[in-house]
1. Relative to the compact-globule scaling 2.2 N^0.38 Å, provide the ratio for the alpha-carbon radius of gyration of the chain.
2. Using the charge dipole of the chain (Lys, Arg: +1 at Cβ; Asp, Glu: -1 at Cβ; taken about the Cα centre), state which of 278, 237, 540 has its Cα farthest towards the positive end.
3. Can you work out the Karplus-derived ³J(HN,Hα) for every residue in segment 37-53? Use 6.51 cos²θ - 1.76 cosθ + 1.60 with θ = phi - 60°, whole Hz, and x for glycine or proline.
4. Quick one: what are the phi-derived ³J(HN,Hα) couplings along segment 285-292, Karplus 6.51/-1.76/1.60 with θ = phi - 60°, whole Hz, x for glycine and proline?
5. Tell me the Rg and the Dmax, in Å, that the Cα atoms of segment 169-232 produce.
6. Hey, got the dipole for segment 164-317? About the Cα centre, +1 on K and R Cβ, -1 on D and E Cβ, debye to the nearest 20?
7. At residue 456 and residue 385, where each label point lies 7 Å from the Cα along Cα→Cβ, what is the point-to-point distance in nanometres?
8. Which one of 362, 435, 379 is farthest out on the positive end of the charge dipole of the chain, using unit charges on Cβ (Lys, Arg +1; Asp, Glu -1) and the Cα centre as origin?
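The values are calculated or read from the model by the stated rules, or taken from the named source; none is laboratory data. Only a predicted model underlies this, so the values are computations on that prediction, with no experimental measurement involved. Using ideal geometry, Cβ is built from the backbone for each residue, glycine included, and neighbour counts are taken over all protein chains shown. Keep in mind that these areas ignore ligands, DNA and RNA; they rest on the heavy atoms of the full protein, side chains included. Shrake-Rupley method; radii C 1.70, N 1.55, O 1.52, S 1.80 Å.
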Amino acid sequence: MKRLAALAALLLIVPSAAMSQSVPNTPAWDQPFLPPPPEWDGASRVLLRDAGDRWATDFERDPEHDFSPDYADTRAWFDRLDAASDLIRIEQFGVSPEGRPIYAVIASKDGAAFDPAKPILLAQAGIHPGEIDGKDAGMMLLRDIAFYGKSELLDRVNLILIPILSVDGHERSGPYSRPNQRGPRTQGWRNTATNQNLNRDYMKMDQAEMRAVRGLILKYRPDLYVDIHVTDGMDYQYDVTFGYNGENGVWSRSPATARWLDDAFKPGVYAALEAQGHIPGELVFGVDDADPKKGLSDGGLGERFSNGWGSAAHVPTILIENHSLKPHEQRVLGTYVFLEAAMRLLADRGGDLRAAVDADRALRPAEIPTNFEADPTPAYTRAFKGIRYETYFSPASGREEIRWLGQADPEVWSLPFYGSRPTLTLARPEAYWVPAHRPDVIERLRAHGIEMEVLDQPRTVTVQMLRLVDPQVSPRASEGHVPIRVTQVTPEDRDWTFPPGSVRVPTDQDLGDIAVLLLEPQSAESLFAWGLFPEVLGRVEYIEAYAIAPLAERMLAADPALKAAFEAKLAADAAFAADGDARLAWFYERTPFYDDRFRLYPIAREVR
């Protein structure tokens, strides 16, 4: 224990007492193993209120602007704001696994009933609670709307702020949560109380927090959804990076929305950030951490992430990744500028965005690309504002390592950008049929807001069932599941009777793409792929050798085609020929005694 304490003291300086409403003069957070940050003195510092201001946030009252309040103090501050301003109200929309209320703070001049003509911005902070810039920025912006001259922002747009989505993870806080991030001094934990990463749950909908936020989105139908993070990875000059699926004209499930974000949103937000001394940029994911100039990638397009889900659900979604190596103050102020600029752009151009969304929601593609992988061919070349670095030999790793120098490289880098390409294309059926014995699947579909018809009496329909060919169970768990992968299925046409409580899920709906991605077993984002159907992998009933051997002999004598197929199998597969059990199993699979539902996926397709 003494050795561990000594190491902690060496690594960083930790405040001796928790910050409270009266912020003590605590020493600055220090992580001497991190690269030095470039000097910064942005104009956005004018947004900070003096520590003595009655509406100063704990972040502002901290001398180093390197502190973020805990759940209780955050809620108490918002309750005080709610009580003092008619423009602010708090709405609880969920409860965490540990029993904490999950709440949103709503800023509007419309009262409880929003004016449907006004666009809505939904800003979400703390899906990863250590990355909490959005909470502190949102507190400042809401305060300024209520009391310091920015109420006009609400004339033509409404704001919903989720200050902390993962409230349990937020309270598992300490100075050792995020070693790659510069501040705040105390940070929440990345995962929830159930050890889940909420930004992997947008499709499977396991967690109470994610179901709650999806319910909030369905209730208010925001025009723009902003998911605020802090990134890891390489060093660079940008302090606020953000992106969305379909950026720069690449493929998207919501192409009209992506064009609006490219043409209207991104230039406007960039201009606002640059005017306040920030350096905005596109999302940054390095191809090779050991070679920063090797190129950049899109980080993947999976629908388990907010931006991937938003594209498939036709909810315009921005993923902000503030740069982890910039000081907390700089990141918070950049987030404030971003949110204010987003409100102004929605007020001015929200009608155009709604038209784009309507166009995307009307799409019903016959083929749906999915299961994306990194494309080995660059999509284009990106200008990149890098940080100078050098390499050195590390006696700890025994290899060359990068040392970032904290100095802006005056030469703009030219880096290849690698996108993603689909490895599977799914055909869109007319509908899916989910049997009543899987109410858990039906409930997940409902949580998404997917439309369905519920049977009140049995119905026999002609459907296409899928036989799974050689499904592979993952050797390790992921997000509380054991994934199962299947790359090949064999369709079988059946007349199938579905009992009352079963549902028919048409794909001719706004969320039809989501339904396909969830219910096709080959989709990497499907409920099957997440391991929710392990029962279909278990074969029921067996036959003893004393029974199948004489039956197989009769089959050989009675069916010349079967005999020819068996002999060909023996000739082609020596291991099979030498395995008596395998030979008998081959015959068993061809008898009516064999389990007809072994590897038969229980969700059916309805096709024309």
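1. 1.12
2. 540
3. Per residue, the Karplus-derived 3J(HN,Hα) values read x, x, 4, 8, 8, x, 5, 5, 4, 5, 6, 6, 8, 4, 4, x, 5 Hz.
4. Once θ is set to phi - 60°, the couplings for segment 285-292 become 10, x, 6, 9, 4, 7, 9, x Hz.
5. 13.8, 38
6. For segment 164-317, the charge dipole is close to 480 debye.
7. Placing both labels 7 Å along Cα→Cβ, they lie 6.3 nm apart.
8. Ranked along the dipole, the leading option is 435.
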